[in-house]
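> Starting off with a structure, shown below.
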Amino acid sequence: MGYVAVPVVSKWQIEDLLTKRGEVSFDLEISKTVVEYRGGVARFQYNGVLYEIELDSLPEVDEESCEVYALIGGEWRELSIAADRFYKLCVFNRGWAPTLMIDGITMHSVLENPLLLTSRKVERAWGRVFECCTGLGYTAIEALKRGARHVITVEVDPHVLTLASLNPYSRGLWSPAVDVILGDCYAFVQTVRDSSIDFIIHDPPRLSHATQRLYSEALYREFYRILKRGGGVFHYVSQSGTKYRGLNPYKGVAERLRRVGFAVEKIKEGYGIYARRR
């Protein structure tokens, strides 16, 4: 699997086409493309391919629309997958990277550009990085931008990677410096050599949507084993729902990390935990 470079739009770009703007983005505001109009037809070149689309064929959108669409085989297709769960990409502001939604639950913050939150997750990333839970790949991509040399990232859900392959903001995931592994994180980490990783980014779904193993002492023990002495971990801990359920996931995660030998250096409520191998 790799990145598929086709025109991708949300409601903002659809509105630009319908109002016949001279430049329109077909990668969700990463870049602009010159568009020529002949009556009800828009003509443009994207990624070396010439497209001619009828404006009447554009998806119908309104002020509440957040969906993302890709032009595939001459048709605009919503970037969503209906399987055992329902997956789709959504954009909540012009210029923001898409958010992954699963069964109507957002996997990224909708209060800010997901890339801003991602940048904070990789503040200390360096060297050879292991990431558990790839998602759309934003964290792996940002880690490389911050100076990581190589990233191994593991994602258990093929539907998530399928959507990532059509997301312009995920294109860097298929860099030569990134190994994308489709599989179970706990099973894969057991194959990683002792003391071979400089930094770990653990970015699991919220507790209600994750398997217990993603928050288990057994997994943290494997993290400790594969880290070099002095290596670090950033463990994202979502606080979604804890306010009303009276839970404090940070306390349990920190205790389990300490039990396997980590020095817990910083707990940022509403965000995550930094730990270091002694």
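The values are calculated or read from the model by the stated rules, or taken from the named source; none is laboratory data. Everything numeric in this text was worked out from a predicted model, so none of it was measured. Virtual Cβ from ideal backbone geometry, glycine too; neighbours counted across all protein chains shown. What goes into the accessible areas is simple: the full protein's heavy atoms, side chains included, and nothing from ligands, DNA or RNA. Shrake-Rupley method; radii C 1.70, N 1.55, O 1.52, S 1.80 Å.
> Using a 7 Å offset from the Cα along the Cα-to-Cβ direction at both Ala82 and Ser31, what is the distance between the two label points in nm, to one decimal?
3.5 nm
> Name the long-range amide H neighbours of Phe26: under 5 Å, sequence gap of 5 or more, or other chain; modelled H, no Pro or chain starts.
Residues meeting the criterion, in which the H sits 1.01 Å from N, are Ser31, Thr33.
> What's the longest piece of the chain with no exposed GluC sites (Glu not before Pro), counting a site as exposed if DSSP puts it in a loop and it has at most 12 other beta carbons within 10 Å? Write down the numbers at each step before the final one.
Values: sites that count: Glu60, Glu63, Glu64, Glu112, Glu123, Glu269.
Formally, the longest exposed-site-free interval is 124-268.
> Extending each Cα 7 Å along its Cβ direction at Ser57 and Lys20, get the distance between those two points in nm, one decimal.
Each label point is offset 7 Å from its Cα along the Cβ direction, giving 2.0 nm.
> Strictly under 4.7 angstrom between C-beta atoms: which cysteines of the chain have no such partner?
Cysteines lacking a close Cβ partner in the chain: Cys133.
> How large, in percent, is the carbon and sulfur part of the accessible surface of the chain at a probe radius of 1.4 Å?
49 percent
> Ok, one more. Provide the percentage of antiparallel DSSP beta bridges, counting only those with both residues in the chain; round to the nearest 5. Please report the intermediate quantities before stating the final value.
Details: 39 of 60 bridges.
Of the beta bridges lying entirely in the chain, close to 65 percent run antiparallel.
> Would you kindly state how much longer the chain becomes between Arg229 and Glu265 on full extension, computed as 0.36 nm times their sequence separation minus their alpha carbon distance, in nm to one decimal? Mind dumping the intermediate values first?
Details: separation 36, 0.36 × 36 = 12.96 nm, distance 1.49 nm.
Gain on extension, Arg229 to Glu265, equals 11.5 nm.
> ³J(HN,Hα) across region 9-24 via Karplus (A = 6.51, B = -1.76, C = 1.60, θ = phi - 60°), whole Hz, x for Gly/Pro?
Calculated HN-Hα couplings, in order: 9, 10, 4, 5, 6, 4, 5, 4, 5, 5, 8, 6, 5, x, 10, 9 Hz.
> What do you get for Rg/Rh of the chain when both radii come from the Cα atoms and Rh is the Kirkwood radius?
Numbers: Rg = 20.4 Å, Rh = 20.0 Å.
Result: Rg/Rh = 1.02.
> Please give the charge dipole size of the chain, origin at the Cα centre, charges +1 on K and R Cβ atoms and -1 on D and E Cβ atoms. Round to the nearest 20 debye.
Working: 36 positive and 34 negative charges, 411 e Å.
It comes to approximately 1980 debye.
> Please compute the modelled spin-label separation between Asp179 and Gln45, points set 7 Å along Cα→Cβ, answer in nm with one decimal.
With each label point 7 Å from Cα toward Cβ, the separation is 4.0 nm.
> Give the accessible surface of the chain per residue, rounded to a whole number of Å², with probe radius 1.4 Å and ligands, DNA and RNA excluded. Walk me through the numbers before you get to the answer.
Numbers: 12910 Å² over 278 residues.
Spelled out: the 1.4 Å probe surface of the chain, per residue, equals 46 Å².
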